[in-house]
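Trainee: Next up is a structure, given as structure tokens.
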Amino acid sequence: MSNMKKCFVFLMIFVHSIFLFGCSSGTSDISGNPDPEPIKAEEQNIHEFLNIELDLSYDSIIAKTEKDTYPLNVDQITCTVQNNNVGKGFYLYEIPFVEQRIDGKWVRLYYNSDRLEVAQWQFCGIEGNTTEPNSSQYVVKLKDINAKLIPGEYRLVVFTAQKKVYATFTLTE
């Protein structure tokens, strides 16, 4: 085989390898939790047993952290998910997930909650409550996030039966 053919074959193998394995970037090793399976219609009947009216729109549900900014060495972050449609219950996933803003895009991090393997959909509502918003709290332990946390923007992703809601916060030195 001539040198020209050898160079051509080597070049073709090299180019093929790049397409096959892709180019790596600084965030390619980040692999986060996938979204949970959507709640099934037959799982959305707890509110009937509890005699609590279900919020059908999910438009008044918000998520917020206790603070807007936390130091990197904080142990945990508490998030409240609240339905401002007073007296209405709602379904939400048992654990939130964590995302970090990297190069202007939200990237899901892997959050290894102690509930991850058994997490399920749950109902948030209090029977007879007609004066206060129904709410639930999450506690996210930063040691359970399998990524090196750096100063920057983060958010908790809360899954409800109808949509995702977000609680944003910043980590600082």
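Readers should treat all values here as calculations from the given coordinates under stated rules, not as data from a laboratory. Quantities reported herein were computed from a predicted structural model and do not represent experimental measurements. Here the Cβ positions follow ideal geometry from the backbone for every residue, glycine too, while neighbour counts run over all protein chains shown.
Trainee: Can you list, largest first and rounded to whole Å, the semi-axes you get for the stretch 33-172 by taking the square root of 5 times each eigenvalue of its Cα gyration tensor?
Mentor: 28, 16, 13
Trainee: In percent, what relative contact order does the stretch 33-172 have, based on Cα pairs under 8 Å that are 6 or more apart in sequence?
Mentor: Contact order relative to length: 33 percent.
Trainee: Greater than 27 Å separation of Cα atoms is the criterion. Which listed pairs, Lys67/Lys105; Lys105/Lys143; Lys64/Lys143; Lys105/Lys141, meet it?
Mentor: Over 27 Å apart, Cα to Cα: no pair at all.
Trainee: Around Asn129, what is the net charge, scoring Lys/Arg as +1 and Asp/Glu as -1 over all other residues with Cβ under 15 Å from its Cβ?
Mentor: That sum, taken over residues with Cβ under 15 Å, equals -3.
Trainee: A further question follows. Run a plain Debye calculation on the stretch 111-160 (Cα atoms as equal point scatterers, no solvent) and give log10 I(q)/I(0) at q = 0.16, 0.22, 0.31 Å⁻¹, rounded to two decimals, same order as the q list.
Mentor: So the normalised log intensities work out to -0.67, -0.99, -1.39.
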